[in-house]
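The values are calculated or read from the model by the stated rules, or taken from the named source; none is laboratory data. Given the structure is predicted, the values throughout are model-derived calculations rather than measurements. Note that we place each Cβ from the backbone using ideal geometry, even for glycine, and neighbour counts take in every protein chain shown. Keep in mind that these areas ignore ligands, DNA and RNA; they rest on the heavy atoms of the full protein, side chains included. Shrake-Rupley method; radii C 1.70, N 1.55, O 1.52, S 1.80 Å.
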Amino acid sequence: NEGNEYFKEKDYGRAVAAYSEGLRRRCGDAELDAVLLTNRGAAHFHLGNYRSALNDAIQAKKLKPTHLKAIIRGALCHMELKNFSEAIAWCEEGLQIDLKEKKLVEMRAKADKLKLEGTFLGIQTDLSPCCQRRAVLGTDLLCERNIKLVLEPSDEEEEVSDGLAEISLDGFHSDSATGAKVHLDADGNLNWPVLFLYPEHEQTDFTVAFHENSRFIDHLMVMFAELPPWDLEKKYLPNNLELYFEDEEREEMYEVNPEHTLLQVLQHERYFVKAGTPAVLVFAKRSPFSKKYFSGKKVHRL
């Protein structure tokens, strides 16, 4: 009930915490646990934590295979993660329970269409002329924004087009990042997968769709609304963080203004987007670790 109240108030972070507390009570009621998982998944979804939301939907469906809300939520998550084949499978599973469920019918049709056409901005050059035009579109979108992209061919593919699709997250093996790629929304804006690295604790966060005009501080306020379990010293607070990106070619570090948008950072003359995934390093201000980390390195501060 507490979680539902927070959810109505759109305080999704506290809603997640409340539903999690309910699950920790281990009531033994599979149906209630399925509801808690589905509701927590909905809260995660609104926070943009699509992989966590999907995991909750999967667990809820295991507890109650006919729980239609969990199936709809899982299908929505796969849509956001651009896993259209999986979204179709979830929709079909739900339609076996209720053939006339409007959300599933509409989502099934949309997933079919997107799977057929392809939603990413670039594509391999050996595909159709239509798809090749989309690759040129991707290049044009980057050029007009003055964004520099570094493409790294995967082991299976030695040649990659100048577009944005088929960019794998090489070197970052995380379930949360699976399938995430930059995409263009209905308003003509780019949404990027963004990786947050915490060198002091060897931890990472992954944002699936970081709108290019969103500020970093807005994401930090959501991500650190509650202290992460690994922050035992309680120093990773939104206003106590410093962000940096690394210029690997020159082996130099640049401080990032949290008030800046993602696009402003990507347009920096020394920022190069590697493997289609912008990355920033996060440190607690004036921490002994950051002083040691930056020792001997050239750092361009604000």
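Taking segment 33-59 as the range and being of a type in the set (A, V, I, L, M), surrounded by fewer than 23 Cβ atoms within 10 Å (Cβ to Cβ) and under 14 Å from the mean Cα position of the chain (by Cα) as the test, only LEU47 passes.
If the condition is being touching a residue at least 24 places away in the same chain (Cβ under 8 Å) and among the small types (Gly, Ala, Ser), then segment 53-68 contributes ALA53, ALA60.
Evaluate segment 203-210: report whether one residue or more is small (Gly, Ala, Ser), modelled with pLDDT under 95 and part of a loop (DSSP other than H, G, I, E, B). The answer is no, given that none of the residues of segment 203-210 is small (Gly, Ala, Ser), modelled with pLDDT under 95 and part of a loop (DSSP other than H, G, I, E, B).
Evaluating MET221 against the criteria (1) aliphatic (A, V, I, L, M); (2) assigned to a helix (DSSP H, G or I); (3) open to solvent by less than 30 Å² (accessible area, probe 1.4 Å) leaves one unmet condition, (3). Taking the criterion of being modelled with pLDDT of 95 or more, assigned to a strand (DSSP E or B) and crowded, with 19+ Cβ neighbours inside 10 Å, the only residue of segment 255-279 that qualifies is VAL256.
Just one of the numbered conditions (1) open to solvent by less than 50 Å² (accessible area, probe 1.4 Å); (2) modelled with pLDDT under 90 is not true of GLU226: (1). Going by the conditions given, is LYS8 closer than 29 Å to TRP192 by Cβ and open to solvent by 60 Å² or more (accessible area, probe 1.4 Å)? It is false that LYS8 is closer than 29 Å to TRP192 by Cβ and open to solvent by 60 Å² or more (accessible area, probe 1.4 Å). Of note, GLY296 satisfies the criterion of being at pLDDT below 90, over 30 Å from HIS46 (Cα atoms) and outside any helix (DSSP H, G or I). Listed by first and then second residue, the pairs with beta-carbon distance under 8 Å, at least 6 apart or on different chains, first residue in segment 20-48 and under 21 Å from LEU76 (Cβ atoms) and among the polar types (S, T, N, Q), second in a helix (DSSP H, G or I) and open to solvent by 30 Å² or more (accessible area, probe 1.4 Å), are SER20/ARG40; THR38/LYS69; THR38/ARG73; ASN39/ASN4; ASN39/PHE7.
Condition test on PRO229, is it of a type outside the set (Ser, Thr, Tyr), under 19 Å from the mean Cα position of the chain (by Cα) and in a loop (DSSP other than H, G, I, E, B)? So PRO229 does not fit the description; no. Of the candidates SER295, SER287, the single residue that is open to solvent by less than 40 Å² (accessible area, probe 1.4 Å), among the polar types (S, T, N, Q) and farther than 23 Å from HIS183 by Cα is SER287.
Restricted to segment 44-159, the set of helices (runs of 4 or more DSSP H) holding at least 3 residues that are out of contact with any Cys (no Cβ under 6 Å at 6 or more places or on another chain) and modelled with pLDDT of 85 or more comprises 50-63, 68-80, 84-97, 102-117. Annotation note: Cβ proximity below 7 Å between a residue of segment 82-95 that is open to solvent by 30 Å² or more (accessible area, probe 1.4 Å) and a residue that is of a type in the set (Ser, Thr, Tyr) (sequence gap 6+ or interchain) occurs for LYS82/THR119.
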